[in-house]
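Enquirer: The structure's right below; bear with me while I get my questions together.
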Amino acid sequence: MQPPITPNEIAVIVGNNTEKVFTTMLGLEVQAGPVDPKATLTNEEGKVVCLVGFTGQWSGSGSISCSASLACAISGKLLMTEYESVNDEVLDAMGEMANMIIGNFKDEAAAALGPLGLSTPTVIFGNNFQTRNWNGQSWIAVPFSCEGECFEVKICLVPNPALSAQGAAKTPDLQAV
Amino acid sequence: MALDVLIVDDSAAIRKILHRVLAQTDIALGDVLEAGDGVEALAVLGKRKIGLVLSDINMPNMDGLQFLTSVRANAEWNSMPVIMITTEGSQEKVMDAVQRGAQGYVRKPFTAEQIKEKISSCLAGQ
């Protein structure tokens, strides 16, 4: 079951809000790349990964992942401090970036998906790990270039059986990928 | 008279940014205190007289709306200016915050100018 908005529409909302957060908070331009509507297992070797959960008639998660060096550059711009390596301040700053991007996505997507709640962010940094969704659900992945590096914003949304039945009458027709 | 300010946010990054923005304002600043959630914030208010609160909404333990309700229920803090600075932008959340007594609402991402303008208008209305 696909969300009542298409992956491309989700990608547009992700793109607009990512650009807004980067320009407003960091003064940095970002360039969106081609969307992958069916991303699954992702190798996150050496990356900083920030996860924020959705709850509501549709549940799932949003994530941002980037290299350690880009995380340091983004955090440095946000906090006006130079970081040479990932530390607690960098992890906190990246969690807040995810909170703003995914949080703004949530408010815009709620027009189609109904009210959504948001978890506080979880931030992971390390080597030799992968991310995947429970039960093989795929992500809608939007790559961006920034400061000569790439980062990715991903969204996974699945119907919440307990709540989606209550709101089924309000849900628009499902659209094909 | 110097204004003591309390920043309530579970993100140390946002607390640091707001510290910096406050230092750029024309306000005669006293101490800028920090709390990571509503529970910590109420503890600070119990010990110090605060002239302005900048609070997030989504926080662990006690969120910003619950914190605001507790503040307004206390006669001593009843008229203390509280500005919500949050990712939450839904009309319901904004209305909820205003009905609970928030004097201002700024959505993240924000510019320093937006925060400064909101603080100025909030303090001018006191």
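The values are calculated or read from the model by the stated rules, or taken from the named source; none is laboratory data. Quick caveat, the model's predicted, so the values are computed rather than measured. A quick note on method: Cβ atoms are made from the backbone with ideal geometry, for glycine too, and the neighbour counts reach across all protein chains shown.
Enquirer: Among the strands (runs of 3 or more DSSP E) confined wholly to region A:26-80, which include 3 or more residues that are within 30 Å of residue B:20 (Cβ to Cβ)?
Expert: Where strands (runs of 3 or more DSSP E) fall fully within region A:26-80 and carry at least 3 residues being within 30 Å of residue B:20 (Cβ to Cβ), they are A:47-56, A:58-67.
Enquirer: Let me ask something additional. Looking at (1) within 14 Å of residue A:118 (Cα to Cα); (2) assigned to a strand (DSSP E or B), which is the one condition that is false for residue A:100?
Expert: (2)
Enquirer: Criterion first (modelled with pLDDT of 95 or more and more than 14 Å from every other protein chain (Cβ to nearest Cβ)) does residue A:159 satisfy it?
Expert: Taking the combined requirement at face value, the residue does not satisfy it.
Enquirer: Would a scan of region B:5-15 turn up a residue that is part of a strand (DSSP E or B), within 14 Å of chain A (Cβ to nearest Cβ) and more than 23 Å from residue A:106 (Cα to Cα)?
Expert: Yes; the residues of region B:5-15 include at least one that is part of a strand (DSSP E or B), within 14 Å of chain A (Cβ to nearest Cβ) and more than 23 Å from residue A:106 (Cα to Cα).
Enquirer: Can you confirm whether region A:87-97 contains a residue that is within 14 Å of chain B (Cβ to nearest Cβ), of a type in the set (A, V, I, L, M, F, W, C), buried (at least 22 other Cβ atoms within 10 Å of the Cβ) and in contact with a strand residue (DSSP E or B) (Cβ under 7 Å, 6 or more places away or on another chain)? Give the steps one after another, and end with the answer.
Expert: To start, the set of residues in region A:87-97 that are within 14 Å of chain B (Cβ to nearest Cβ) comprises A:87-97.
Pick out the ones that are also of a type in the set (A, V, I, L, M, F, W, C) and you get A:90-91, A:93-94, A:97.
Next cut, buried (at least 22 other Cβ atoms within 10 Å of the Cβ) only: A:90, A:93-94, A:97.
Right, trim to in contact with a strand residue (DSSP E or B) (Cβ under 7 Å, 6 or more places away or on another chain) and you get A:94, A:97.
Within region A:87-97, one or more residues are within 14 Å of chain B (Cβ to nearest Cβ), of a type in the set (A, V, I, L, M, F, W, C), buried (at least 22 other Cβ atoms within 10 Å of the Cβ) and in contact with a strand residue (DSSP E or B) (Cβ under 7 Å, 6 or more places away or on another chain).
Enquirer: Hey, another quick one. Give the residue, chosen from A:118, A:41, that is in contact (Cβ under 8 Å) with a residue 24 or more places away in the chain, surrounded by 20 or more Cβ atoms within 10 Å (Cβ to Cβ) and under 17 Å from the mean Cα position of the chain (by Cα).
Expert: Unique residue meeting the criteria: A:118.
Enquirer: Conditions: (1) surrounded by fewer than 22 Cβ atoms within 10 Å (Cβ to Cβ); (2) at the interface with another protein chain (Cβ under 9 Å from one of its Cβ atoms); (3) not hydrophobic (A, V, I, L, M, F, W, C). Residue A:76 meets all but one. Number of the miss?
Expert: Of the numbered conditions (1) surrounded by fewer than 22 Cβ atoms within 10 Å (Cβ to Cβ); (2) at the interface with another protein chain (Cβ under 9 Å from one of its Cβ atoms); (3) not hydrophobic (A, V, I, L, M, F, W, C), the odd one out for residue A:76 is (2).
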